[in-house]
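Participant: Quick one: structure below, then a few questions.
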Amino acid sequence: QVQLVESGGGSVQAGGSLRLSCAASGSIFSINVMAWYRQAPEKQRELVASITSGGSTRYADSVKGRFTISRDNAKNTVYLQMNSLKPEDTAVYYCAAGRVLSSGAYKYDYWGQGTQVTVSS
């Protein structure tokens with residue numbers, strides 16, 4: 001089993017920055033991809049960014065150039081640096097962890113509790 005604990009959310013003005021952290025513990029040997037998702041009220045959950053154990057990253061088009069996903073292997077922690085924040089970035093942000101399947105698809109089996117990010121204009 002894997003536990004994910006998120007932190008770093010908060011309220012900022014448009015143009016500001018936040019850094020989210022996700023600390024993983026438990027049976028992390030089974031994990032080879034981690035990601036950040038977000039969900040705004042009444043909207044579908046969407047992938048923000050992902051990073052594999054090999055360091056490959058992917059980003060939603062809406063955050064490219066503004067957000068950066070990274071990892072600190074010594075701390076078993078994944079980060080999401082969010083710059084130039086916009087009101088439309090307002091959402092609950094969730095950390096996810098899972099596996100890269102043989103097909104190349106990512107399957108997320110574990111989820112954090114979520115952390116609120118609010119960007120005001």
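The values are calculated or read from the model by the stated rules, or taken from the named source; none is laboratory data. No experiment lies behind these values; they were computed from the predicted model shown. Areas reflect the complete protein model, heavy atoms only, side chains present, ligands, DNA and RNA absent. Shrake-Rupley method; radii C 1.70, N 1.55, O 1.52, S 1.80 Å.
Participant: Hey, can you find the accessible area per residue of the chain for me, probe 1.4 Å, expressed in square angstrom?
Facilitator: Numbers: 6470 Å² over 121 residues.
Per-residue accessible area for the chain comes out at 53 Å².
Participant: At 1.4 Å probe size, with the rest of the protein present, what percent of the exposed accessible area of the chain is carbon and sulfur atoms? Walk me through the numbers on the way to the answer.
Facilitator: Details: 2920 of 6470 Å².
Carbon plus sulfur share of accessible area: 45 percent.
Participant: Report relative contact order for the chain in percent, whole number only (criteria: Cα-Cα under 8 Å, sequence separation at least 6).
Facilitator: Values: 294 pairs, mean separation 42.1, N = 121.
Answer for the chain is 35 percent.
Participant: Residue-wise, which Karplus ³J(HN,Hα) couplings in Hz belong to the stretch 62-75, taking 6.51 cos²θ - 1.76 cosθ + 1.60, θ = phi - 60°, and x for glycine or proline?
Facilitator: For the stretch 62-75, the Karplus-derived couplings read 5, 10, 4, x, 10, 10, 9, 9, 8, 9, 10, 5, 5, 9 Hz, x marking Gly and Pro.
Participant: Moving on. Could you state the number of Å between the C-alpha centres of the stretch 3-80 and the stretch 103-121?
Facilitator: 7
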